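One structure is given here, and the rest of the page talks about it.
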Amino acid sequence: AAEAARARALEAGVGADLESAGALLSLMWSGYGGVSFHTNGTMSISPQLPVGVHTLVLRRLQFLSNRLILRVDAKGWTLELAPFSPPEAQDLVVVTTAGASALRAGPVSVPTGHAALVQPQHTVWGLVV
């Protein structure tokens with residue numbers, strides 16, 4: 001009976017969502033979309049669109065309790081806090097070669113070919129570091 005129920009579930013597509021979710025998590029962990037998570041509590045972003053793809057949007061990207069949205073197109077990429085990101089989540093800063101930008105201040109846009117490091121925001125003597 002259990003085997004028949006499993007066969008019916010597979011025919012109906014039940015379980016495919018779990019397999020897809022697992023595959024997506026595996027791709028994300030290994031750098032899908034140019035996003036990589038590091039053991040030192042940072043996240044690097046260096047997206048490149050595959051040939052034939054014009055836009056990539058990763059919604060509900062979660063990092064240090066924040067919910068983020070990453071949008072990538074031919075001009076570059078933008079990282080922003082999602083509207084449903086919890087206000088009590090740790091503040092983040094996006095560090096590029098041009099400097100550092102607090103993510104709570106608004107979306108951060110970076111030109112194509114440039115990478116960034118996202119890390120917790122720290123304040124020392126009133127300065128964001």
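The values are calculated or read from the model by the stated rules, or taken from the named source; none is laboratory data. Here the structure is a predicted model, which means the values were calculated and not measured. Calculation scope for accessible area: heavy atoms of the full protein, side chains included, ligands and nucleic acids excluded. Shrake-Rupley method; radii C 1.70, N 1.55, O 1.52, S 1.80 Å.
Identify all residues within region 99-117 that are open to solvent by less than 70 Å² (accessible area, probe 1.4 Å) and of a type in the set (S, T, N, Q); write none if there are none.
Once the filter is applied, which keeps residues that are open to solvent by less than 70 Å² (accessible area, probe 1.4 Å) and of a type in the set (S, T, N, Q), region 99-117 yields only Ser101.
This table checks each residue for (1) polar (S, T, N, Q); (2) within 18 Å of Val108 (Cα to Cα); (3) modelled with pLDDT of 90 or more.
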{"position": "Ser26", "(1), (2), (3)": "yes, no, no"}
{"position": "Trp29", "(1), (2), (3)": "no, no, no"}
{"position": "Gly33", "(1), (2), (3)": "no, yes, no"}
{"position": "Gly52", "(1), (2), (3)": "no, no, no"}
{"position": "Thr55", "(1), (2), (3)": "yes, yes, yes"}
{"position": "Arg71", "(1), (2), (3)": "no, yes, yes"}
{"position": "Leu81", "(1), (2), (3)": "no, yes, yes"}
{"position": "Ser85", "(1), (2), (3)": "yes, yes, no"}
{"position": "Asp91", "(1), (2), (3)": "no, yes, yes"}
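Return yes when His38 is over 11 Å from the mean Cα position of the chain (by Cα), at pLDDT 90 or above and open to solvent by 50 Å² or more (accessible area, probe 1.4 Å) and no when it is not.
So His38 does not fit the description; no.
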